[in-house]
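Please treat every number below as a calculation from the coordinates, not as lab data. This structure is a prediction, so every number in the text was calculated from the model and none was measured. As a convention, Cβ positions derive from the backbone with ideal geometry for all residues, glycine included, and neighbour counts pool all protein chains shown.
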Ligand SMILES: [Zn+2]
């Protein structure tokens, strides 16, 4: 367990502009409790769609913590960046070094970390925070890229993001 904590600490430490953290562990616990009590089915909780699983397999960062549902060590973490200033690139998966660079390139964007089990399909948002140097910039002009044809943000993540936006709008 120690190395996970160390790695996580390292990741959070290099993010100098990190602020406005939201921890989703209570929500995660509630989902797991509902599952273990039988109030929710594994179909609902372990519903990573093939796209999300594929993204986790190819772009996810490995962890050594077991899956809370199937107990296998197949948990991967994905980080998505969302923000108006990212323009068409909002909603994409970013690596830690990419996020580190982006802190200096954008004023504000939110990073969502999602855990995905490659084995049983369990997936949940773990935490999110804002990054960026605080200087507002215009979104880059839209250009067509090959990725556009092949890209769709995970639908769950899109709805979390919109949900959070509506909460903040109040
Ligand atoms: Zn699992």
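In this structure, residue 20 and residue 70 have a Cβ-Cβ separation that, at R0 = 25 Å, corresponds to a calculated FRET efficiency of about 0.15. Among 124, 144, sorting on how many other beta-carbon atoms sit within 10 Å of each Cβ, with the fewest leading, yields 144, 124.
Taking other Cβ atoms within 10 Å as a rough exposure proxy, 98, 108 sort from fewest to most as 98, 108.
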